[in-house]
Amino acid sequence: MSPPLLAVALALIFLWDGYFFFNYIISLFKNYRTKEWTPGVSIIIPAYNEGERVLRAIRSALAQDYPDFEVIVVDDGSEDNTFEVASSVKNPRLKVYRKEHGGKARALNFGLSKASGEIIVTTDADSYLEPTAVGELVRRFHSDEVLAVGGQVRVTGESFLERAQDAEHLRIAMFRRAKELEDLSLAPGPVSAFRRDALERIGGFVEDIVEDYATTKAVKRLGKVVYAPRARVWTEMPRSLSVLWRQRKRWFLGDLKNLGGGFTKDWAFLLLGDFVALLDVLVPVLLLATGNFGLFALWWGFEVVTMLLPTLVEGGKLSNALLFPLIVWFWALFYLSLHVYGYARLLTGRL
């Protein structure tokens, strides 16, 4: 690639990232709509073989700074001691059930059948909610047309892969503030809230390999899904590349079957994002290979700056922001490979 083409490619990267960065800055000066009310809330925690982690999830759910809620744990036919561990917690707000193994969506629907709350909050057994998470989700039901609310997912752990995933979710939080405050594409399973009647109107949580995305899309046919940036959950994510690949492969293949329903969930955004990812992979390498160290330093500094502000605002590790160019390059290569694999499956009819 010639120097002029390299400069153009770098400019395209800056335009893409800068578009979201400046929209994020603008969003910080906007007061998003909220409503002060305290409906009854049911927090549902589906659990399958989570005996080592479910206790933390239960304790964080019970510790919510909210006046009227119950916690429902659904053991989805675990083969370990999940049910016994969950049942060991003695609290009048907690209900623990066990059912035959049928998958996450069925476990959520079982919990829904036992719930009494007007608002249904979902979280995962390998995650823990911050104390204000439920209250922040509920506040975003600012009008009757808002049927669901999604919060911010963050990742625990100190390895490079875990830090990279936390930086990824911090970047997602930045995109959602910038473009999806009032039109959220995905209400994530670890921290979401739904009006009970909306779930009942769509027949409950949708049974799909990406049940949160499929359910979000179904709810959006009836009303609005919005984002609550201060409703935060911390979750565990894959610690090895092979497990990460299997997880993201499942997510992406599921997404391909459910595309639509928001800004980041359509073909135009997906393909344009892949083109930018290709540039993210090639441009830094070519800048170094051709001795364009000044432009390389400019690229590095730009990526650091665009990550530094959301890191400070949303609460992230400063070291992740300083190393973000490496993290960007890793994710660009990872997702470009994953998407090529997914498109090949789609074109050969093997989705």
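The values are calculated or read from the model by the stated rules, or taken from the named source; none is laboratory data. Worth saying up front: this structure is predicted, and the values here are computed from it rather than measured. A quick note on method: Cβ atoms are made from the backbone with ideal geometry, for glycine too, and the neighbour counts reach across all protein chains shown.
Quick notes
- Yes/no for residue 308 being surrounded by fewer than 18 Cβ atoms within 10 Å (Cβ to Cβ), under 21 Å from the mean Cα position of the chain (by Cα) and not aromatic (Phe, Trp, Tyr): yes
- Considering residues of segment 176-229 that are buried (at least 17 other Cβ atoms within 10 Å of the Cβ) and acidic (Asp, Glu) only, the residue nearest to residue 18 (Cα to Cα): 180
- Some residue of segment 111-129 being surrounded by 24 or more Cβ atoms within 10 Å (Cβ to Cβ), farther than 24 Å from residue 82 by Cβ and of a type in the set (Gly, Ala, Ser): no
- Residue list for segment 131-187, filter: closer than 22 Å to residue 213 by Cα and of a type in the set (Val, Ile, Thr): 134, 138, 146, 149, 153, 155, 172
- Qualifying positions in segment 199-215 - under 21 Å from the mean Cα position of the chain (by Cα) and closer than 16 Å to residue 44 by Cβ: 199, 204, 205, 206, 207, 211, 212, 215
- When residues in segment 140-151 are screened for being assigned to a strand (DSSP E or B) and of a type outside the set (Val, Ile, Thr), 4 of them pass.
- Which listed residue, of 254, 260, is outside any helix (DSSP H, G or I) and either exposed (fewer than 14 other Cβ atoms within 10 Å of the Cβ) or out of contact with any Cys (no Cβ under 7 Å at 6 or more places or on another chain) (or both): 260
- Residue pairs whose Cβ atoms lie under 8 Å apart, separated by 6 or more positions or on different chains, with the first residue in segment 204-219 and on the phi > 0 side of the Ramachandran plot and the second surrounded by fewer than 24 Cβ atoms within 10 Å (Cβ to Cβ) and among the hydrophobic types (A, V, I, L, M, F, W, C), are 204/105; 204/112.
Each row is one residue, and each column tells you yes or no for (1) of a type in the set (A, V, I, L, M, F, W, C); (2) in contact (Cβ under 8 Å) with a residue 24 or more places away in the chain; (3) in a helix (DSSP H, G or I); (4) not assigned by TED's automatic domain parsing to the domain that holds residue 184.
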residue	(1), (2), (3), (4)
286	yes, yes, yes, yes
296	yes, no, yes, yes
301	no, no, yes, yes
332	yes, yes, yes, yes
342	no, yes, yes, yes
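- Residue match in segment 316-330 (condition: surrounded by fewer than 19 Cβ atoms within 10 Å (Cβ to Cβ), over 25 Å from residue 240 (Cα atoms) and more than 21 Å from the chain's Cα centre (by Cα)): no
- Selection status of residue 137, in a helix (DSSP H, G or I), surrounded by fewer than 20 Cβ atoms within 10 Å (Cβ to Cβ) and of a type outside the set (Phe, Trp, Tyr): no
- The single condition from (1) farther than 19 Å from residue 130 by Cα; (2) more than 23 Å from the chain's Cα centre (by Cα); (3) among the acidic types (Asp, Glu); (4) crowded, with 17+ Cβ neighbours inside 10 Å that residue 76 fails is (2).
- Test result for residue 182, closer than 29 Å to residue 25 by Cβ and either outside any helix (DSSP H, G or I) or of a type in the set (Asp, Glu) (or both): yes
- Among the residues of segment 37-73, none is identified as over 19 Å from residue 134 (Cβ atoms), surrounded by fewer than 17 Cβ atoms within 10 Å (Cβ to Cβ) and either among the small types (Gly, Ala, Ser) or outside the structural domain of residue 119 (by TED's automatic domain parsing) (or both).
- Criterion (among the small types (Gly, Ala, Ser) and on the phi > 0 side of the Ramachandran plot) met by exactly one of 291, 301: 291
- Meets criteria (in a loop (DSSP other than H, G, I, E, B) and at pLDDT below 95) for residue 351: yes
- Matching residues in segment 83-107 - criterion: being among the hydrophobic types (A, V, I, L, M, F, W, C) and either outside the structural domain of residue 215 (by TED's automatic domain parsing) or touching a helix residue (DSSP H, G or I) at 6+ places or on another chain (Cβ under 7 Å) (or both): 85, 86, 89, 94, 96, 105
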